[in-house]
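Notes for the one structure printed next.
Since every read-out is calculated from the coordinates, none of them should be taken as a lab result. Computed from a prediction, not measured in an experiment: that's the story for all the values here. Counting neighbours? That spans all protein chains shown, and the Cβs are built from the backbone with ideal geometry, glycine included.
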Amino acid sequence: MLTAAILTSLQVYGIAIVISMIVAVIIKLMVVLTARAEKSRPVEMPTGTVCPVGPGVPDEDVAALSAAIFAAMGPHRILHIAPASHGWSSEGRAAQHHSHLPGPAGRGSR
């Protein structure tokens, strides 16, 4: 009875070892194949005209942002750089402040 349990556990460990080795070999093969695919593919450099810079944005900032985006994401085109509108955030803050005011919808007086 005890030897049957030991044999069964050894079989389970053996199967787990074989499956782990197969998965490790498949992962290694995928890493090697993707590395070869990336080496053989040339880097495409973007060509064309640079987007016009809006008023108030220094050329140095546009160049620094373009270089940072290219380094992080690869060759992509920047379509527009402009200051963001803060209307939605100020409206949200105002709504939150109004929700905390005492009144008929709020807690009222204690």
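Observations on the model:
- Potential extension, Glu91-Leu65 segment - 0.36 nm per residue separation minus Cα distance: 6.5 nm
- Cβ crowding within 10 Å, taken as a proxy for footprinting-reagent exposure, orders Leu65, Leu2, Leu7 from fewest neighbours to most as Leu2, Leu7, Leu65.
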